[in-house]
Structures are given as C-alpha cells and as structure tokens.
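The values are calculated or read from the model by the stated rules, or taken from the named source; none is laboratory data. Note that the structure is a prediction, hence the values are computed from the model and not measured. Glycine gets a Cβ as well: all are built from the backbone with ideal geometry, and neighbour counts include every protein chain shown. To get the accessible areas, we keep the full protein, side chains included, count just its heavy atoms, and leave off ligands, DNA and RNA. Shrake-Rupley method; radii C 1.70, N 1.55, O 1.52, S 1.80 Å.
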Amino acid sequence: MSSRFWWQGAVIYQVYPRSLMDSNNDGIGDLPGIIEKLDYIQDLGVDAIWISPFFKSPMKDFGYDISDYLSVDPIFGTLDDFDKLIEQAHQKGIKIIIDQVLSHTSDQHEWFLQSRENRSNAKSDWYVWADAKEDGTPPNNWLSIFGGGAWQWEPRRQQYYLHNFLTSQPDLNFHHPEVVEAALDNIEFWLQRGVDGFRLDAINFCYHDKLLRNNPAKPVDKRLGRGFKEDNPYAFQYHYYNNTQPENIYFIEKIRALLNRYPGSVALGEISSEDSLATTAEYTDGDNRLHMGYSFELLTEDFSADYIKSTIESLESQMTRGWPCFAISNHDVARVATRWGDNQNIPQKAKLLSALLTTLRGSVCIYQGEELGLEEADIPFDQLQDPYGIAFWPSFKGRDGCRTPIPWDDAKPNAGFSEAQPWLPVAESHLQQSVRLQQKDPQSVLNSFKKFLAWRKEQPALLTGRIEFLSLNEPVLGFYRISESQKMLMLFNLSNQNQEMTLKLDEKYEVITEHGLTSGSISDANVSLPPYGCLCLNLID
Ligand code: BGC
C-alpha cells in the first residue's frame, strides 16, 4: 500500500469556483473564497481539489473559454491569491489540480485575434480555417455540441473557422507544432507555480481530421447520451472526424513527458468519444500517457445495477495498464441525487451513491455539494446563464441547475455564500441541506460522507484492490474488492424498496459497521437490504 501513488484511489473534490464561496461580495465565488473554505474541504478527508477554470476569460462558457492561460481572471482574484491557495492547501495536505482547456481558446485570446486577421500572419494556421464550398456553405457537416453548425464565417479572412463548442470558442489546430509547444509552455507555467496536476478538458478534441471528412449519420437507436441529449442534432452523427484522431496520442505523450519532469504531478483526461471506454483505456495505456481518464458513462441517466456492472467490466477488460477515475456528478450534468433513482428518501440515496462511487476501483471526483446530497436546482428560463441551456430550452435546461451556490448557512442571506445577489440563485430547497444544519446532525449526509471517507482511507482493498462483480438480479449491485491483505464484499440496493435475496458465499464474512453506512443484514444465506441500503462485508480468514 505504501508504494501507491498519491492519486491512486484518491478522492478529488471538484470546486466550481463561481459557486463555492464569494469573499468580496460581488455575487461570484472566487479564489480567496476557496481559501476560506479550505478547513471545510480538509475536514471532508479528500486528497485533492480540482478547480474548474479561473483564468482570464470573457466567461461566455464560464471560464471554459480562456483568453489568457497565464493569468487569473479579476473576478476570481489574482495570481497572488492562487499562490496563497496552493501554499495553504499544501500545508493542509491537500493537492491542487487545475483545469486546462487546451482544445480551444476564447475568440478574445490574442492568438485568435491575430489568426483571424488574414491568411499570412504568424498565427494564421494556429486555428482550424477552411474555405467555403462552392455554394458558400461550410466545408463539411460537423456540428457544435452547443447547437448549430461547427463552422463560423470570418469576414476578414473570407474563411470559416471550426468550433466544437460555442462560436466564441474557436478550436486550436494541434497539427501545427507551434500550437503543441505553446500549450506545453502554458502547462509548465502552472507546474512551476506548484500545482499537483491537471484535469484536461475535452482532451480528445485537440485534433481534427486534416481532410475534413464528413461525419456519417447515426441511426436513431444509437443516439445515446454522452453528456448531451439524444435530441441534440450533435447526437445524430458518428463523430469519427471532428475529434479523437490518432495524432492525439502524440500530444498526450508530450504532456506526460513534461509532467514526468515534475514528479508527483498527475494528468486526468476528460474523454467523450464514440467509444469513450476504449479511448480512456487507450489514452491511459502505459507510463508515457495520461495517468487517469474519466468519461461520461456514469454521468448519464442510466441507473441500473446491470448498466453500472457492464460499464465497469467493459472498462476493466480494456484498461490493462491505466488507472480509472469515476465521477457521477459534475458541473456539466444534473445533480446525481436527482438524476439517479426516484425523488424519495434522498438523504439515504445520497449516502448510498457516495459509498458506491468511493468503493469502485479507481480514483473518484466528488462535485461540490454532492457531499451534502444536493438535488438539481430548478432555474426559470429568465434566470438561465448557460448558453447551452438557453439554446436547447425547454427540452434541455442546461447546466445551471447543478451550478448554484453552496448553501453554507441557511440562516444567512443567500445561504452565507455572498452578501450580494449571487450570479445564480441559491435553491430554496437547498436551505434545509445547509452545511450549518448538517454539521449539527450526526446522521446527516455530510457527516456520513466524512465518516465513510475516513474509514475508506484505511482499507487497502478499496484503495488499490481489484474489482470483481457478482451476478445478481436488479436492483442489487454487488462486487468484491480484493487486495493481497483484504477481501471485501459490497452490496448495494439501488432502489427505494426493501430487497430480500439469497446469496451463497463459499467463504466466511463479517459485516462491517464502523463506517456507519451498513443498513442491511445477512444471516446464513439470506440478505436483506432496506431502501437504498448497503452492506459491506469483510472476509474473515
Ligand atoms: C467542460 C464543459 C465545457 C466544455 C467546453 C467540457 O467538457 O467540462 O463545462 O463547456 O468542455 O470547454
């Protein structure tokens, strides 16, 4: 166990800085706000925080549109604040992972301002430019995830540029070696400031097909969610050509070679391709690629024992050398307490979900508020901020419902997040789940989460052991975690109804109760699991 890397089996707490804590009362969370909440984060028992982008940005995609990779946006603070954050987090034993949005920049980035001027400037090939077809239409049929075509006309060059996301997020052209070098320089800037790693946004989107071939159409029954809804026309194509090109591996290996010069630093890729599990396995295959990758497979609406089992078994069978990472909630999808299961018995369900997530093999990302069991907030159309939601309303309301401010103190204005009106409203329903109330209640989702994580830290099988699933009937999910010194059996009832079943075990197990989450029982071969209940057993030798 002592030989594991810090990031293997780590719990990474994702901070969406706009909504964690506002220190200067402008309604938007900031870096000093994170510093203020470091004690809270440390108390959770997590190993690291991943901070969503805080770099200079016009905020069209709330920071995922960067106009300067090397400076902090004034709404979030200063570079000094960031240095303080690193120092204080490190003093508390918390690692810092930052977001790097490499595949595209903001259209306000100086590289793009120069590139768009004409076809002969020094940065003219730094983005993906293409002529119109003879009839004036874009060069191919590629679509933007956020709606409409992926090509925007630029009058200065009389050409189209590619944007896989918003029109204000032009895609960089990584086929150009100078772009690769510039991206690596930017990464190194933050390594030198002491960060412990990177979450690499949309990392498989860095390269496009040089020949700009059309994506083939996808049949209706294959348009399954990958972080976007199946009624989004983006789902109507196989994305064979606009992302996940073979050249991407070359770039990943360059990133890894750089990180190897900063021992202990880690790269976690966000991957969404036509076969995200295969791509995750490929991008993490070996010591010269990414350390870890996560995909949207557990960020969809599918919530059944069979789906979770088959997804993880599929990843396990393909990922022979890599290290998995899982998230069931983040800033891009509806909060898991609402997305999965029914809307009854939420606190118990939230406890089960965190226990399930943190006992899978791999590292995990916990999204701020998940430890409180927060549900998706309902934001009326006139208060929406997310351009994705505005474009697809009402069939998809966008990502604002999972981005509302954290309810610190239900007795204070704006739940103690800010004295000013927050950029998104604090959800009324979140007040009863405030940190203040939960800290006082030993049975709260928050206190259970902390107790469970503290216990998990001491279990070698959960940190690095292998995983083996049992074949059980819905809605019960069961798996073993096995290390050299420990064998554990986890059973989860993914429904809100009691489950009784017979389970013949060849070995002798005892029920573990010290983490406080056991809510079922086993006697001889009879297992009983209450609604959203879980049983955790240890092999007795
Ligand atoms: C991020 C999103 C962002 C998109 C474009 C992602 O996958 O997580 O929040 O909108 O990349 O940068």
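Quick check, is residue 321 among the basic types (Lys, Arg), open to solvent by less than 30 Å² (accessible area, probe 1.4 Å), more than 18 Å from residue 438 (Cβ to Cβ) and without any contact (Cβ under 8 Å) to a residue 60 or more places away in the chain? Even if it seems obvious, please write down each step before you answer.
Working: among the basic types (Lys, Arg): yes; open to solvent by less than 30 Å² (accessible area, probe 1.4 Å): no; more than 18 Å from residue 438 (Cβ to Cβ): yes; without any contact (Cβ under 8 Å) to a residue 60 or more places away in the chain: yes.
In short, no.
From the set of residues in the range 61-101 that are touching a residue at least 60 places away in the same chain (Cβ under 8 Å) and within 10 Å of the ligand (Cβ to nearest atom), which is nearest to the chain's Cα centre (by Cα)?
Looking at residues that are touching a residue at least 60 places away in the same chain (Cβ under 8 Å) and within 10 Å of the ligand (Cβ to nearest atom), I get 99.
I'm checking my understanding of the structure. Among residues of the range 388-407 that are out of contact with any Ser or Thr (no Cβ under 9 Å at 6 or more places or on another chain) and within 11 Å of the ligand (Cβ to nearest atom), which one is farthest from residue 63 (Cα to Cα)?
Restricting to residues being out of contact with any Ser or Thr (no Cβ under 9 Å at 6 or more places or on another chain) and within 11 Å of the ligand (Cβ to nearest atom), the top hit is 398.
Using the structure shown, decide if residue 328 is open to solvent by less than 10 Å² (accessible area, probe 1.4 Å) and closer than 25 Å to residue 429 by Cα.
Considered against the rule, which asks whether it is open to solvent by less than 10 Å² (accessible area, probe 1.4 Å) and closer than 25 Å to residue 429 by Cα, residue 328 comes out as yes.
Given the condition part of a loop (DSSP other than H, G, I, E, B) and within 20 Å of residue 52 (Cβ to Cβ), answer yes or no: does some residue in the range 299-309 qualify?
No, that holds for no residue.
May I ask you to say which residue of 198, 189 is in a strand (DSSP E or B) and within 24 Å of the chain's Cα centre (by Cα)? I'd like the intermediate steps shown before the answer.
On the way: 189 fails: in a strand (DSSP E or B).
Answer to the selection: 198.
It is to be established whether one or more residues within the range 137-144 are assigned by TED's automatic domain parsing to the domain that holds residue 207 and open to solvent by less than 50 Å² (accessible area, probe 1.4 Å).
Among the residues of the range 137-144, not one is assigned by TED's automatic domain parsing to the domain that holds residue 207 and open to solvent by less than 50 Å² (accessible area, probe 1.4 Å), which makes the answer no.
Among the residues of the range 176-190, are any small (Gly, Ala, Ser), open to solvent by 10 Å² or more (accessible area, probe 1.4 Å), in contact with a His (Cβ under 9 Å, 6 or more places away or on another chain) and assigned by TED's automatic domain parsing to the domain that holds residue 82?
No, every residue in the range 176-190 fails to be small (Gly, Ala, Ser), open to solvent by 10 Å² or more (accessible area, probe 1.4 Å), in contact with a His (Cβ under 9 Å, 6 or more places away or on another chain) and assigned by TED's automatic domain parsing to the domain that holds residue 82.
Of everything in the range 433-491 that's charged (D, E, K, R) and touching a Leu at 6+ places or on another chain (Cβ under 7 Å), which residue is farthest from residue 415 (Cα to Cα)? It would help to see each step written out before you state the result.
In the first step, residues of the range 433-491 are kept if they are charged (D, E, K, R); the result is 436, 440-441, 450-451, 456-458, 466, 468, 474, 481, 484, 487.
Going one step further and asking which of them are touching a Leu at 6+ places or on another chain (Cβ under 7 Å), we end up with 450, 456, 481, 487.
Details: 450: 22, 456: 31, 481: 40, 487: 43 Å.
Among them, the one singled out is 487.
Looking at 226, 213, which is the one that is assigned to a loop (DSSP other than H, G, I, E, B) and at pLDDT below 95?
Checking each option against the conditions leaves just 226.
Against the conditions (1) more than 16 Å from the ligand (Cβ to nearest atom); (2) under 30 Å from residue 482 (Cα atoms); (3) at pLDDT 95 or above, where does residue 2 fall short? Just the number, please.
(3)
For the range 131-160, which residues satisfy the criterion of being on the phi < 0 side of the Ramachandran plot, within 16 Å of the ligand (Cβ to nearest atom) and either in contact with a Cys (Cβ under 7 Å, 6 or more places away or on another chain) or part of a loop (DSSP other than H, G, I, E, B) (or both)?
Passing the criteria: 142, 144, 145, 146, 150.
Could you list, in sequence order, all residues of the range 260-291 that are in contact with a strand residue (DSSP E or B) (Cβ under 6 Å, 6 or more places away or on another chain) and more than 16 Å from the ligand (Cβ to nearest atom)?
Passing the criteria: 265, 266, 284, 291.
Taking residue 93, is it among the small types (Gly, Ala, Ser), buried (at least 18 other Cβ atoms within 10 Å of the Cβ) and on the phi > 0 side of the Ramachandran plot?
Values: among the small types (Gly, Ala, Ser): yes; buried (at least 18 other Cβ atoms within 10 Å of the Cβ): no; on the phi > 0 side of the Ramachandran plot: yes.
No.
Could you check, for the range 40-56, whether at least one of its residues is more than 16 Å from the ligand (Cβ to nearest atom), open to solvent by 60 Å² or more (accessible area, probe 1.4 Å) and closer than 25 Å to residue 385 by Cα?
No, that holds for no residue.
Filter the range 362-376 down to the residues that are open to solvent by 10 Å² or more (accessible area, probe 1.4 Å) and not in a loop (DSSP other than H, G, I, E, B) and list them by number. So that I can check it myself, show each step before the final result.
Filtering the range 362-376 for residues open to solvent by 10 Å² or more (accessible area, probe 1.4 Å) gives 370, 375-376.
Once the filter is applied, which keeps residues that are open to solvent by 10 Å² or more (accessible area, probe 1.4 Å) and not in a loop (DSSP other than H, G, I, E, B), the range 362-376 yields only 370.
Residue 243 is checked against (1) out of contact with any Cys (no Cβ under 9 Å at 6 or more places or on another chain); (2) within 16 Å of the ligand (Cβ to nearest atom) and fails just one. What number does that condition carry?
With respect to (1) out of contact with any Cys (no Cβ under 9 Å at 6 or more places or on another chain); (2) within 16 Å of the ligand (Cβ to nearest atom), residue 243 is out only on (1).
Looking at residue 253, is it in a loop (DSSP other than H, G, I, E, B), over 30 Å from residue 131 (Cβ atoms) and without any contact (Cβ under 8 Å) to a residue 40 or more places away in the chain?
No.
Quick one: which of 338, 359 is crowded, with 20+ Cβ neighbours inside 10 Å, within 23 Å of residue 452 (Cα to Cα), touching a residue at least 24 places away in the same chain (Cβ under 8 Å) and not assigned by TED's automatic domain parsing to the domain that holds residue 487?
Of 338, 359, the one residue that is crowded, with 20+ Cβ neighbours inside 10 Å, within 23 Å of residue 452 (Cα to Cα), touching a residue at least 24 places away in the same chain (Cβ under 8 Å) and not assigned by TED's automatic domain parsing to the domain that holds residue 487 is 359.
Residues checked against (1) among the β-branched types (Val, Ile, Thr); (2) without any contact (Cβ under 8 Å) to a residue 24 or more places away in the chain:
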site: 266; (1), (2): yes, no
site: 269; (1), (2): no, no
site: 274; (1), (2): no, no
site: 280; (1), (2): yes, no
site: 285; (1), (2): no, no
site: 291; (1), (2): no, no
site: 297; (1), (2): no, yes
site: 305; (1), (2): no, no
site: 308; (1), (2): yes, no
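Mind counting the residues in the range 161-194 that are touching a residue at least 60 places away in the same chain (Cβ under 8 Å) and more than 16 Å from the ligand (Cβ to nearest atom)?
Within the range 161-194, residues that are touching a residue at least 60 places away in the same chain (Cβ under 8 Å) and more than 16 Å from the ligand (Cβ to nearest atom) number 11.
Could you check, for the range 60-82, whether at least one of its residues is in contact with a Gly (Cβ under 8 Å, 6 or more places away or on another chain) and among the polar types (S, T, N, Q)?
Scanning the range 60-82 turns up no residue that is in contact with a Gly (Cβ under 8 Å, 6 or more places away or on another chain) and among the polar types (S, T, N, Q).
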